Amino acid sequence: MPQASAPPTLDTIAYADAWTLPALFERRYQRSPQAEAYRQFQPAMGSWRSYTWGDLHALVRRWRGAFVVREALPAGARVAVMLRNSVEWVCFDQAAQSLGLVVVPLYATDNPENIAYILGNCGARVLLVGDARQWQALAPHAAQLPQLSRVLLCASGTAPEAGDLVRTVDQWLAGVHESDARVGVDADALATIVYTSGTTGRPKGVMLSHRNILSNVDAVLQTVPVYREDLFLSFLPLSHALERTVGYYAPMATGSAVAFSRSVPDLPEDLVTIRPTVLVSVPRIYERIYAKIQQGLEAKGAPARQLFAWAETAGWHRFEAAQHRGEPPGPAADMMWPVLRHLVADKLLERLGGRLRIAVSGGAPVSKKLMHCFIGLGLPVLQGYGLTEAAPIVSANRPEDNVPESVGRPLPGIEVKLGPADELLVRGPNVMQGYWQDPAKTAETIDPEGWLHTGDIARIDEGGHVHIVGRLKDILVTSTGEKLPPADLELAITEDPLFEQVMVIGEGRPFVAALAVLNRDEWEKLATTLELDPQAPSSLQRPAATEAVLRRMAERLAAFPSYARVRQASLTLEPWSTDNGLITPTMKLRRRQLEARFEREIEGMYAPR
């Protein structure tokens, strides 16, 4: 007889046993020095390399030695990291934290002007970047950064000529001995400044203490169990508060291993190669997977679509019954499910590695249709809610209490309530210390009783599950007085694989219009059916194209009131990116910048006809 597999191991380091981030790292090293900690792809070797906690401990001691010998910074000094997820990111963070330095994470995809503003605003003394190209893009702004005394290039090779300012990491570490030097760090000391995306203006520096972050890690792990045998695949930037808390510090607390994905384009291959058990993502990644599924079904024809829908519905009924919200499947359904699972569900799950135990979604709302699809086919998606100012998780669904249309119940130790206009208010040990050098904004956001005003409109159901309804400031009011949530309309429209990005507009206008970036492959199919040349830019402006796109949008918005219908659209194939300043590094729309960039197109949509 085959032996039963051993039960998974809970090896969690509780918050009470590690009050600071460097203490957490030390406790993990002491508990499991020989266990795998990280896995990273080595391009030169064309293979993945594994690091144990012991390996990381030795590396961190060497990086700490370089900080002591080369920089001699006082506790509280700010140091910044603009690097893809990697072992080097971890070494920089842990070495700096152990010396009482404040780590400022930056998005490697952010534009140089924004990066320069953040570096100047926080007074960063050291900056770690990926390669010379990144520094060269930032170098023209160096005069604005008089406090920046060291730039480290992670890539091997020779540092560009820049006096004593720029060094490669290899040069910086050369001849340095491992150091046990430490600074006593209090749990309430400032650990990091995380700059918010700044969709409407300059980013704000959110000040988070060791207590803020580790209390949140502790609450997350009380909500969703994570085991020493779990393997995370990390691809959201570590500058994103969700990834840093749930995909970096939480695995450290549990002794789980983390594999760093090579890049988002490589994610499909990395999922199959790494076969993770835990995945932390924003909805956009799930939306891309969903769009690929829909494209494949369209190509396969009606029988494939019908089989897929059948499997999705059957799986959803099984999920609802397991959650005690529906009738158990009958004998016939129980007999058919293994067949449907083999023909449909298993194929989807294998594309995600075939071992996913938990799939976390946060950072933005997920459409009901997408959740129905993935959960119905056996992907255990848990939606949560948070914000950087809350370090960042406020609420989350549990595996045994998963209400997908909600963002779950508050985590242990976190209070929520509804304020005026049903604004969600949050209080707990995870709430930030405030905004860096902005006491007025801090006082506006955290009231005298310690409640964090999130700016999100919510409702709380009888079971205590939080439902995010919209944003206080993100409501369109048309000139006819109708109020609309733009994010909900955009989410519904982008469920159609034709649309890569969409921004709806209509504030003070007589009707709703939209700017839309089309998927090139889907546009070619549509243009062909309309007898238009898909390669000709002018085809996007033809009435036939606009009318066809408006029909597709109307199908997606059928559940909304009639006044939410998009009546005009401006189309493009050029994506909005961080490079052109039209989205934030967390893929949120910069609405003001988009309105300014496409002012002529917007005015054209509202011109008298």
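Bear in mind these aren't lab numbers, they're just calculated from the coordinates by the rules spelled out. In this text, all values refer to a predicted model and were calculated from it rather than measured experimentally. Don't worry about glycine lacking a Cβ; one is built from the backbone with ideal geometry, like all the others, and counts go over all protein chains shown.
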- Message: Per residue of segment 439-447, what does 6.51 cos²θ - 1.76 cosθ + 1.60 with θ = phi - 60° give for ³J(HN,Hα)? Whole Hz please, x for Gly and Pro, Karplus curve as stated.
- Response: x, 5, 5, 4, 5, 6, 9, 10, 7
- Task: Determine, from the Cβ-Cβ distance of Lys368 and Val264 and an R0 of 30 Å, the FRET efficiency 1/(1 + (r/R0)^6), rounded to the nearest 0.05.
- Result: 0.75
- Message: So if I average 1/r over every pair of distinct C-alpha atoms in segment 476-605 and take the inverse, what Kirkwood radius in Å does that give?
- Response: 15.0 Å
- Query: With axes computed from alpha carbons, what is the tilt in degrees of helix 283-300 against the longest principal axis of the chain, rounded to the nearest 10 within 0 to 90?
  - Reply: 40 degrees
- Percent of C-alpha pairs per 10 Å bin, the chain, short to long: 3, 15, 25, 27, 19, 9, 2, 0
- Query: Can you work out ³J(HN,Hα) from phi for every residue in segment 451-465, in order, using Karplus 6.51 cos²θ - 1.76 cosθ + 1.60 and θ = phi - 60°, giving whole Hz and x for Gly and Pro?
  - Reply: 7, 7, 8, 7, x, 9, 8, 9, 9, 10, 7, 4, x, x, 7
- Item | Label-point separation in nm, Arg182 to Gln42, each point 7 Å along Cα→Cβ | 3.1 nm
- Message: How large is the translational diffusion coefficient of segment 24-109 in µm² per second when you combine the Kirkwood radius over alpha carbon pairs with Stokes-Einstein at 25 °C and 0.890 mPa s?
- Response: 177 µm²/s
- With only helices counted (DSSP H, runs n ≥ 4, each -39500 (n - 2.57)), the per-residue ellipticity at 222 nm for the chain, to the nearest 500, works out to -10000 deg cm²/dmol
- Query: For a label point 7 angstrom out from the Cα of Ser149 toward its Cβ, which stretches of segment 112-129 have the backbone nitrogen within less than 16 Å?
  - Reply: 123-128
- Message: Between helix 210-223 and the chain, what is the angle of the helix's C-alpha long axis to the longest principal axis, kept within 0 to 90° and rounded to the nearest 10?
- Response: 50 degrees
- Message: If I take R0 = 35 Å and measure r between the Cβ atoms of Ala321 and Lys588 in this structure, what FRET efficiency does the formula 1/(1 + (r/R0)^6) give, to the nearest 0.05?
- Response: 0.45
- Note on the structure: Helix 53-66 sits off the longest principal axis of the Cα atoms of the chain, rounded to the nearest 10 on a 0 to 90 degree scale, by 60 degrees
- Rounded to whole Hz, the Karplus (6.51, -1.76, 1.60) HN-Hα couplings of segment 522-539, x for glycine and proline: 5, 5, 4, 5, 5, 4, 4, 5, 8, 6, 10, 7, x, 8, 8, x, 5, 4
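What GluC sites (Glu not before Pro) does segment 509-546 have in DSSP loop regions with at most 10 other beta carbons within 10 Å?
Working: sites: Glu522, Glu524, Glu531; in loops: Glu531.
Loop-located and lightly packed - Glu531.
Please tell me the relative contact order of segment 26-68 in percent, rounded to the nearest whole number, where contacts are Cα pairs under 8 Å and at least six residues apart. Intermediate results must be reported in sequence, preceding the final value.
On the way: 39 pairs, mean separation 15.6, N = 43.
Value for segment 26-68: 36 percent.
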- Selection of trypsin sites (Lys or Arg not before Pro), segment 463-561, meeting DSSP coil and at most 13 other Cβ within 10 Å: Lys473
- Item | Long-range HN-HN contacts of Gln501 with modeled amide H, under 5 Å | Val517
- So if R0 is 60 Å, what FRET efficiency would Asp447 and Ala596 give, r being the distance between their Cβ atoms, rounded to the nearest 0.05? 0.95
